[in-house]
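To start, I am sharing the structure in question, which I have written as structure tokens.
What follows draws every value from the coordinates through simple rules; no lab data is involved. Please read all numbers here as calculations on a predicted model, not as lab measurements. All Cβ positions, glycine included, derive from the backbone under ideal geometry; neighbour counts span all protein chains shown.
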Amino acid sequence: MKKLNSDAVKIIPLGGLEQIGMNITAIEYEDSIIVIDCGLAFPEDDMLGIDLVIPDVTYLKENADKVKGLVVTHGHEDHIGAIPYIEKELNMPIYATKLTMGLIENKLKEHNLMNNTRRKVVKYGQNIILGKFRIEFIKTNHSIADSAALAIYTPAGLLVHTGDFKIDYTPVFGDMIDLQRFAELGKKGVLALMADSTNAEREGFTKSEKTVGRTFDNLFNDNQNHRIIIATFASNVDRVQQIINSAYKYGRKVIIEGRSMVNIISTASELGYIDIPDNTLIDISQIKNYPDEKLVLITTGSQGENMAALSRIAASIHNKISIMPGDVVIFSSHPIPGNEKAVFKVINELEMKGAHVIFEDTHVSGHACREELKLIYALTKPKYAIPVHGEYRHLKRHAELAQEMGIPKENIKILTTGDVLEVSEDKLEVTGKVPAQGVFVDGLGVGDVGNIVLRDRQLLSQNGLLIIVVTLDKYSNNLIAGPDIVSRGFVYVRESETLMEDCRAVVEEALEKCLRKNITDWGKIKTTIKDSLSEFLWKRTKRSPMILPIITEV
């Protein structure tokens, strides 16, 4: 019986399930662990003041001696954004394709980690050996160049991880996805397929990136007398390439605006992933030297992020660019679920300033729809299906699709973050759980804001704060001064004088009660003040602000 167990490979998702973002998965066999991707997630609305969420790698730190390396599928933030934070703790060697590595190195430079991080650029078809694993990079298509799927050869069998992918028969840059290699792996026998679920709810095929180029051409043709501003994802280098192609064709100069956009495009340009004709790009300071109809701006902010270039332009707080009536603004993206409100706010602001906003048909997804997923299943013929990358509803629809493709229900596993799944020829079961909650980054603090601090922030944001200052006599505990009450975000003090007077009376009474009972412990006095005051305020106002008693003694 022992043999079976030691033969199983463990798949441990530490992020990227039940959410879009923060993708990271550990694969473990005996004394070897490899990590696939290491992304961040952007905070949700209830995470007040949080800048980013990065994966919890407690399990990897506990098994640091087993970790052989980090293998990265592509250069999007939700797959590489947490690398600098995690490298500080684990210092894993990194393996990635050329453009992906270029984008990772930008991050390592920002965090001064270039000198002590080992890096290796991998080509498609190349194999690397990490401990008990052999990993092969396979060419795929996605909304960023140089994306890869991984074939992971383990003693328990062959695992295929698609990364984020689509099937694009006419990509803008480079070759189409290597379907032939997927078919060859299918012939060898694939133990488990871990495939992208982001578009598992959508029927049909994802359109080719080339179709967007044709749309741009038409839009440039229709708006020859107007300045054009286009917002898109900074990482979609092929999209930027197509905008530049149209701009060049119609004799326009291009300005690239937004920090992440400038960083990524300069890296892509240095590495040869984008072809910019001479004298097409101009600096933002030269904008005055050209008539409006000869300009096109490519900016960040297609998701309504409030500090991105387009949002600053829309709110009239951008120091170089302001919207003029007649400007044409094109949103070349779909709102990520949850961002719709922010996007429409920016669109409304732009329209009020006289711009014409276009956001239909100017975007195609980078993820496979149902028919493309079926093709990958048909080619790889896996024994087990393990949907990855997506919210629960996406994973569920993906699981149904796997069943349609003939995989028995008991051979399909929907995992939750932190599950330990053991896989072998005759086993597919979750045998444990590891910590994987996500770690909050706030400013320079990593992990110092937890759920308790967030709960306080929520309470403060919803109900405000009352500070009660009292001064007691050191020996007799009699009240010498106060109680003084400071209100922040609770009520406007000047208009609520009677309420404040009543609060003071409640606090005085609470203090007298403590004196009568000879309570001298400050902790108990504070609790008594808090309890009496919050009960009184709830009765009077139906609100429960945070109450902070401060006691000093003389």
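Of Y290, Y85, how do they rank once you tally other Cβ atoms within 10 Å and put the fewest first?
Result, fewest neighbours first: Y290, Y85.
A further question on this structure: Please report how far the C-alpha centroid of the stretch 331-368 lies from that of the stretch 234-249, rounded to the nearest whole angstrom.
Taking the Cα centre of the stretch 234-249 as reference, the centre of the stretch 331-368 is 18 Å away.
Per residue of the stretch 265-273, in order, report the coupling 6.51 cos²θ - 1.76 cosθ + 1.60 (Karplus, θ = phi - 60°) as ³J(HN,Hα) in whole Hz, putting x for Gly and Pro.
Running phi through 6.51 cos²θ - 1.76 cosθ + 1.60 with θ = phi - 60° gives 5, 5, 5, 4, 5, 4, 8, x, 9 Hz.
With all distinct Cα pairs included, what does the Kirkwood hydrodynamic radius of the stretch 52-156 come out to in Å, to one decimal, could you say?
14.3
Okay, next question. Apply the Kirkwood formula to the chain: the hydrodynamic radius equals the inverse of the mean of 1/r over all pairs of different alpha-carbon atoms; give it in Å with one decimal.
26.7
Counting other beta carbons within 10 Å of each Cβ, put Y153, Y273 in order, fewest first.
Y153, Y273
Assign one of three labels to the stretch 451-553, namely rounded, prolate or oblate, based on the Cα gyration tensor with a ≥ b ≥ c the square roots of its eigenvalues; rounded applies when a/c is under 1.5, prolate when it is not and a/b is larger than b/c, and oblate otherwise.
prolate
Counting other C-beta atoms within 10 Å, which of D178, D164 has the fewest, and how do the rest follow?
Starting with the residue having the fewest Cβ neighbours, the order is D178, D164.
Mind putting a number on the dipole of the chain about its Cα centre? Charges go on the C-beta only, +1 for Lys and Arg and -1 for Asp and Glu, and I need it in Debye to the nearest 20.
About 520 debye.
Could you tell me which GluC sites (Glu not before Pro) in the stretch 180-256 are loop residues by DSSP with no more than 13 other beta carbons within 10 angstrom of their beta carbon?
Details: sites: E184, E201, E203, E209; in loops: E201, E203, E209.
The qualifying sites are E203.
Okay, next question. Antiparallel as a % of all DSSP beta bridges within the chain, to the nearest 5? Could you put the intermediate results ahead of the total?
Working: 49 of 92 bridges.
Restricted to the chain, the bridges split so that about 55 percent are antiparallel.
While we're looking at this one, here's another question. What is the distance in Å between the Cα centres of the stretch 105-184 and the stretch 261-283?
24
By average Cβ neighbour count within 10 Å, what is the ranking of 513-526, 535-548 from highest down?
Going from most to least packed, we get 535-548, 513-526.
Continuing with this model, one more query. How big is the stretch 210-358 on each of its three principal axes, counting only the C-alpha atoms and giving the largest first in Å?
Sorted largest first, the three principal extents are 37, 31, 31 Å.
Give me the angle, in degrees from 0 to 90, between the Cα long axis of helix 497-516 and the longest principal axis of the Cα atoms of the chain, rounded to the nearest 10.
70
Here is a follow-up. Working from Cα positions, state the angle (0 to 90°, nearest 10) between the long axis of helix 340-352 and the longest principal axis of the chain.
Taking the Cα atoms of the chain, the angle to 340-352 is about 90 degrees.
Related question: Lys/Arg Cβ at +1, Asp/Glu Cβ at -1, dipole of the stretch 210-358 taken about the Cα centre: which of N263, N289, L219 is farthest positive-ward?
Sorting the options by dipole projection puts first N289.
If you don't mind, there's one more thing I want to ask. Give me the net charge for the shell around R239: Cβ to Cβ below 12 angstrom, other residues only, Lys and Arg +1, Asp and Glu -1.
That sum, taken over residues with Cβ under 12 Å, equals -1.
Further question on the same structure: Per residue of the stretch 383-398, what does 6.51 cos²θ - 1.76 cosθ + 1.60 with θ = phi - 60° give for ³J(HN,Hα)? Whole Hz please, x for Gly and Pro, Karplus curve as stated.
6, 10, 10, 10, x, 10, 6, x, 6, 4, 5, 5, 4, 5, 5, 5
Per residue of the chain, what 222 nm ellipticity follows from adding -39500 (n - 2.57) for every DSSP H run with n ≥ 4, rounded to the nearest 500?
-10000 deg cm²/dmol
Kindly write out, for the stretch 229-241 in residue order, the coupling ³J(HN,Hα) from the Karplus curve 6.51 cos²θ - 1.76 cosθ + 1.60 (θ = phi - 60°), rounded to whole Hz, with x marking Gly and Pro.
10, 10, 9, 8, 5, 4, 7, 7, 4, 5, 5, 4, 4
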